[in-house]
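The values are calculated or read from the model by the stated rules, or taken from the named source; none is laboratory data. Note that the coordinates shown come from a computational prediction; the quantities given were computed from them, not determined experimentally. With ideal geometry, Cβ positions are generated from the backbone for all residues, glycine too; neighbour counts draw on all protein chains shown.
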Amino acid sequence: MAHQWIFSLIVLSCALYSMGVDKNNFKTCDQSSFCRRLRAVKPGESKYEIDLDSLQVTDNSVDAKLLNTEAGVLFKFSLTAINGNIFRIQVDEASPLYQRYRPQFALNGEPQVSKLEVLERSKDSVSITYNKNKVIIHARPLKIEFFENGELVSVVNGRGLFTFEHYRKKQEQTNEEGQENQVAEDPGAWEENFKSHHDSKPKGPSAIGLDVSFPGALRVYGLPEHADRLALKTTGPGGVDPYRLYNLDVFEYELDSTMAIYGAIPVVYAHSPKRTVGVFWHNAAETWVDINNSKDGNVMASIVNLVSGSKSENNVDAHFMSESGIVDLFVLMGPTPKDAIKQYASLTGVHPLPQYFTLAYHQCRWNYNDEDDVTSVVQNFDISDMPVDIMWLDIEYTNGKKYFTWDPVKFPHPDVMIQNLTATGRKLVIIIDPHIKRESGYFVHEDSLSNDYYVKNKDGTVYEGWCWPGSSSYLDFYKPETVEYYKDLYSLENFKGTTHDVNFWNDMNEPSVFNGPEITMPKDCIHHGGWEHRDVHNEYPLAHTYATFQGLINRSPNKRPFILTRGHFSGSQRYTAMWTGDNAAEWSHLAVSYPMCLSEAIGGISFCGADIGGFFNNPDIELLQRWYQAAVWLPFFRAHAHIDTRRREPYLFADDVKNRIRNALRLRYAHLPLWYTLFWQHEITGEPVIRPLFYHYPTDENVLDIDNEVLVGNTVLARVISDPGVSSINVYLPGGANEYWYDIEDFRLYHGTGNYNIPVSLDKSLAFYRGGSIIPRKDRPRRSSSLMHNDPFTLYIALDSNQQASGYLYIDDAESFEYKNKKYLYVRFTFEDNTLKSELVDKTDYPTKEWIERLVILGPPKGVKSAKLVSKSLGSVELDAAYSNEDRILVVRKPGVSIREKFTVKLYF
């Protein structure tokens, strides 16, 4: 009977996959009691006042009592100055009946405080300064205004929507709970299915809400993850539902939607050509965010302005509403997009430098059948002269979907299979999910049961849900003993058949529960410390990947871990890459891959990609080719497909199709030095690896809504082609007449003066080098990135309007942590006065054999006859120089100098 249940559940799940998202499985704000309550708070009727007589001032903070004058409840209020031009506001109950949850994993250590000063105090307000900022805290009602250089840039509780539902004794809850249950039944069948899980409030309502306004802003960005445009749309009662942040396994998620999907990052950036200001809502519970974009062209914006009494023509408002927790709000003062995004990175961390191979091409499907299938796929890539670095195995590699095991029939010799892969320069990634099969004799289940490692029901029994293995229980990563046990499972001694070259994929960790409310864990489940799941839900996948990361560090102490996650939260970037989940083989899903990853990047997670070709269904041939061409310019570069789809490995197609995909793969591999350098710079500066246009061109209003283009660092601009049968594409090139952009295929020069309609064939994708950039490439085709490590570099020198350029190159051993011991090279190239110079940025060294093979100068000066190299080891060497591509480029051949050396190459006329 149990097997029948499992089979039926899997059939149902596959049916859900094929039908697309069933919105009846997921809540709207009207069906969420706390969202309904907080959304009903009327602007301008705030009942919260600061007791300025209780004000205490230290070098770093202002603390005071905060009173709900209607309920007579006392709170603790604190405003702190944080290093890097950041403010932090915290509000908690002064004497709570129950402790309220504060996220444990999101922040990269406790933020470092900075010095503030009190300017002025009165009976109604207090003014403080920090750097060029001033903050005025108004007492009655509570309102906090933030000024930069004397100009108002942000207001907290300016609309008076601040709400802090406080825990009460049981007898005080009775009437409200009765009312809540009655209201909860109104939505009908949906609520009947889920109210027993979602509306259980043993401690009473504990929601919090706060509004933040940004005077003068034109757009607001952030709140990943949603399958939506980069610029957030206006929401409002009777119109678009608030953006929901609640990690969920949504089958074939809906596009252009504010529905929750796999990740939840509660950060927004309000932007205008004048400045950018952000806020980070540090809360791990289910969260809804209403947005008002006064300039987004949405009629709803006018309605919201009218209802809220907003008087500013240009104004952005965000209303955060969370089910539990405390108010912990970071105000990121900017004033540029770069500043604000780096400020967020300073709080939640960056992705550490990944292993080099992880930036290359990943080949995956659910599932490769057996060891021979894996070997055959790699061989066919080699036969077709196509590079691939990583093979992936989904859940079918396990013995009956029991993690940390191998199927004894399909994968009887995993160690041999892995050795064969590594012998060809390839790696393996395998999947490990947080649900554990409840099967007698399965060692992980037996250990977890006997040692109390599982999440509990509210009555203290072990929680049981359904996922791919059937009946499953879920590891409690909030319990230290569970984490220690889980870390050890990854060791080579415990996970037999694996090697140091095996990496891991943490999927289904929202957590996904097929028979749970909204396909996830009930909110009244209990984690270690007594925390309800409702308190920690959005943080759970981060707790999971943190444990995995620690396990891989223990297993291979000097090898950088690679982990891919689906569920994610603020701070996940410190441990994992992510992908946009179960997308579909549709042109619209290709189109949304750019804005989704751009949103993740400004939300701290640069290592983002979307499954090439779409996970569900079968892409037509044109779509598949265009997807490969577009995916070259996203950091995570993987093809993946559902178990029911036709095989679509790129070598299976006709020669012309193989040619185009091969060219896309080779283009990616040629730019691996650039990607690797950008990830190094990301780790040391906090700048995202991929960036929206407004990041580098903040004063250009034309770029506010452009999200079909992506900047790779500040050197490459790529435009996705996401419509079938097109013969030309509109591209916006920013920067003005003095900004140069070079087509990377034919090196044609365009000025950054706006829209161009550019002819495209199936063979052509659209990407441009920015004038003023020097891009390091490796142009020798290889079958994997590991075989490229000693290959020489070609420097593409894209000259700007002043005939100048600069760029960087980072080199190390590509896999270990030795770079933290200064075993690396960080090289800066400059081109000025017809001379290329190379010098080390840091006083470090790495014994690489790599050298410079060619210089390709884009937009070169006319009349060059030759070039001369000067270096310590080679002395003075005459070099050939020749024009090509209708004199659009000048090629200087075989400088032959080691990348470790300082050198110059001067052009002669």
Inter-residue pairs, beta-carbon under 8 Å, first over 17 Å from A798 (Cα atoms) and in the stretch 856-873, second among the basic types (K, R), 6+ apart
A867/K906; K868/K906; V870/K906; S871/K902; K872/K902
Scanning the stretch 147-156 for residues that are surrounded by fewer than 20 Cβ atoms within 10 Å (Cβ to Cβ) and out of contact with any Gly (no Cβ under 9 Å at 6 or more places or on another chain), the one nearest to F87 (Cα to Cα) turns out to be F147
Tell me, which strands (runs of 3 or more DSSP E) lie completely within the stretch 23-133 with 3 or more residues that are within 27 Å of the chain's Cα centre (by Cα), at pLDDT 95 or above and buried (at least 16 other Cβ atoms within 10 Å of the Cβ)?
86-93
Report whether or not R666 is assigned to a loop (DSSP other than H, G, I, E, B), modelled with pLDDT of 95 or more and over 18 Å from L717 (Cβ atoms).
no
Evaluate the following for N149: is it of a type in the set (S, T, N, Q), over 30 Å from the mean Cα position of the chain (by Cα) and on the phi > 0 side of the Ramachandran plot?
yes
Filtering the stretch 793-813 down to residues that are assigned to a strand (DSSP E or B) and of a type outside the set (A, V, I, L, M), which residue is farthest from T835 (Cα to Cα)?
Y810
Please go through the stretch 876-909 and give me each residue that is outside any loop (DSSP other than H, G, I, E, B) and polar (S, T, N, Q), ordered by number.
S876, S884, S898, T904
Test D328 against the criterion of being modelled with pLDDT of 95 or more, under 30 Å from K132 (Cβ atoms) and more than 18 Å from the chain's Cα centre (by Cα), and give yes or no.
yes
If you go through T830, T848, the only one that is β-branched (V, I, T), assigned to a strand (DSSP E or B), surrounded by fewer than 19 Cβ atoms within 10 Å (Cβ to Cβ) and in contact with a strand residue (DSSP E or B) (Cβ under 6 Å, 6 or more places away or on another chain) is T830
What is the residue count in the stretch 457-491 for residues that are more than 18 Å from N399 (Cα to Cα), under 30 Å from the mean Cα position of the chain (by Cα) and not in a loop (DSSP other than H, G, I, E, B)?
12
Restricting the search to the stretch 612-623, which residues are buried (at least 23 other Cβ atoms within 10 Å of the Cβ) and either under 24 Å from the mean Cα position of the chain (by Cα) or on the phi > 0 side of the Ramachandran plot (or both)?
I612, G613, G614, F615
Where residues in the stretch 512-551 are among the hydroxyl-bearing types (S, T, Y) and not in a loop (DSSP other than H, G, I, E, B), which of them is farthest from L421 (Cα to Cα)?
Y540
For a quick check of your reading of the model, give me the residue pairs whose first member lies in the stretch 828-839 and is free of Cβ contacts under 8 Å to residues at least 40 places away in the same chain, whose second is aromatic (F, W, Y) and assigned to a strand (DSSP E or B), with beta-carbon atoms closer than 6 Å and at least 6 apart or on different chains.
R828/Y808
Matching option when the condition is touching a residue at least 60 places away in the same chain (Cβ under 8 Å), out of contact with any strand residue (DSSP E or B) (no Cβ under 6 Å at 6 or more places or on another chain), within 23 Å of Y344 (Cα to Cα) and not basic (K, R), among Q112, Q104:
Q104
Only one of N494, N509 that is assigned to a loop (DSSP other than H, G, I, E, B) and either surrounded by 22 or more Cβ atoms within 10 Å (Cβ to Cβ) or touching a Gly at 6+ places or on another chain (Cβ under 6 Å) (or both)
N509
Could you give every pair whose Cβ atoms fall below 6 Å, whose first residue belongs to the stretch 231-256 and is farther than 21 Å from F34 by Cβ, and whose second residue is modelled with pLDDT under 95 and not in a loop (DSSP other than H, G, I, E, B), counting only separations of at least 6 or pairs across chains?
T234/N292; T234/N293; T234/M300; T234/A301; F251/L16; F251/Y17
Can you find a residue in the stretch 441-450 that is of a type in the set (F, W, Y) and within 32 Å of the chain's Cα centre (by Cα)?
no
Which pairs turn up if I take residues in the stretch 621-646 that are under 16 Å from R666 (Cβ atoms) and touching a residue at least 12 places away in the same chain (Cβ under 8 Å) and look for partners that are hydroxyl-bearing (S, T, Y) and surrounded by fewer than 24 Cβ atoms within 10 Å (Cβ to Cβ) with beta carbon separation below 8 Å, at least 6 apart in sequence or on another chain?
A630/S722
Could you grab me the full set of residues in the stretch 353-380 that are over 22 Å from H413 (Cα atoms), part of a helix (DSSP H, G or I) and touching a strand residue (DSSP E or B) at 6+ places or on another chain (Cβ under 8 Å)?
F357, T358, L359
Consider V483 against the criteria (1) surrounded by fewer than 19 Cβ atoms within 10 Å (Cβ to Cβ); (2) of a type in the set (A, V, I, L, M); (3) within 30 Å of K203 (Cβ to Cβ): it satisfies all of them except one. Which criterion is unmet?
(1)
Mind listing whichever residues of the stretch 381-397 are within 32 Å of the chain's Cα centre (by Cα) and either of a type in the set (S, T, Y) or in a strand (DSSP E or B) (or both)?
I390, M391, W392, L393, Y397
If you take the residues in the stretch 876-891 that are within 26 Å of I744 (Cβ to Cβ) and of a type in the set (S, T, N, Q), which one is surrounded by the fewest Cβ atoms within 10 Å (Cβ to Cβ)?
S884
Which of the residues that make up the stretch 396-409 are within 18 Å of P434 (Cβ to Cβ), crowded, with 20+ Cβ neighbours inside 10 Å and not polar (S, T, N, Q)?
Y397, K401, Y403, F404
If I filter the stretch 790-799 for residues that are buried (at least 23 other Cβ atoms within 10 Å of the Cβ), in contact with a helix residue (DSSP H, G or I) (Cβ under 7 Å, 6 or more places away or on another chain) and of a type in the set (A, V, I, L, M), do I get at least one hit?
no
Just checking, does the stretch 522-544 include any residue being buried (at least 23 other Cβ atoms within 10 Å of the Cβ), modelled with pLDDT of 95 or more, aromatic (F, W, Y) and within 21 Å of D447 (Cβ to Cβ)?
yes
Do you know which of the residues in the stretch 857-875 that are part of a strand (DSSP E or B) and out of contact with any Leu (no Cβ under 7 Å at 6 or more places or on another chain) is surrounded by the fewest Cβ atoms within 10 Å (Cβ to Cβ)?
G875
Going through the stretch 718-768 one residue at a time, which ones are assigned to a loop (DSSP other than H, G, I, E, B), among the basic types (K, R) and either closer than 15 Å to G859 by Cα or under 25 Å from the mean Cα position of the chain (by Cα) (or both)?
R748
If you go through the stretch 492-507 one residue at a time, how many are hydroxyl-bearing (S, T, Y) and more than 18 Å from I395 (Cβ to Cβ)?
1
